[in-house]
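Since the structure comes first, as structure tokens, the remarks are kept for the end.
Every read-out reported here was derived from the displayed coordinates using simple, explicitly stated rules and does not represent laboratory data. Everything quoted here is computed from the prediction, not taken from an experiment. Note: ideal-geometry Cβ built from the backbone for every residue, glycine included; neighbour counts use all protein chains shown.
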Amino acid sequence: MPVADAKVKIAIYAPGLVEVPARAFTRATLYEAGRRFKWWPSFAELSEFLAEQSRDDREDLARLQEQREQDERDEQRQEPTPEERSEIGEMVADTLRRLGGTRRRPPPRRPTPIHVPGGPGERAAQAACWR
């Protein structure tokens, strides 16, 4: 392919590849593209290839964006006023009263095992010892 044709194709592809992170264009991806494509790739093939190469970067970017949004929400969140705190405390106390108090009930007791001298468990243990 003549250099002039390659430049035209690159100029046509470039606007569609603006979304691809710069880290996807490395020497390693160039060699990988050379091994994958026999001839000049179509735009769809090139887009798919670069999407594969930049998947981790996109996932990292999405996580960072989510964290930034969460930080912004945390900054906008205001601490409750003393009046709001007392109102919440009253609601909690009322709920606990309706549920039957503030203490949790203890777990039910398990029955105590009964040992019967000469019972089947003891006979089986003795028989096992003498084998």
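Summary table
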| read-out | value |
| --- | --- |
| Cα-based Rg and Dmax for the chain, where Dmax is the largest Cα-Cα distance (Å) | 35.6, 101 |
| E75-A51 FRET efficiency (beta carbon distance; Förster radius 41 Å; 0.05 resolution) | 0.75 |
| Helix-derived mean residue ellipticity, 222 nm - over the chain, DSSP H n ≥ 4, -39500 (n - 2.57), to 500 | -20000 deg cm²/dmol |
| Radius 15 Å from Cβ of K38, net charge of other residues (Lys, Arg +1; Asp, Glu -1) | 0 |
| Along each principal axis, Cα extent of segment 3-74, largest first, Å | 54, 23, 19 |
| Those trypsin sites (Lys or Arg not before Pro) in segment 1-78 that DSSP places in a loop and that have at most 16 other beta carbons within 10 Å | K38, R77 |
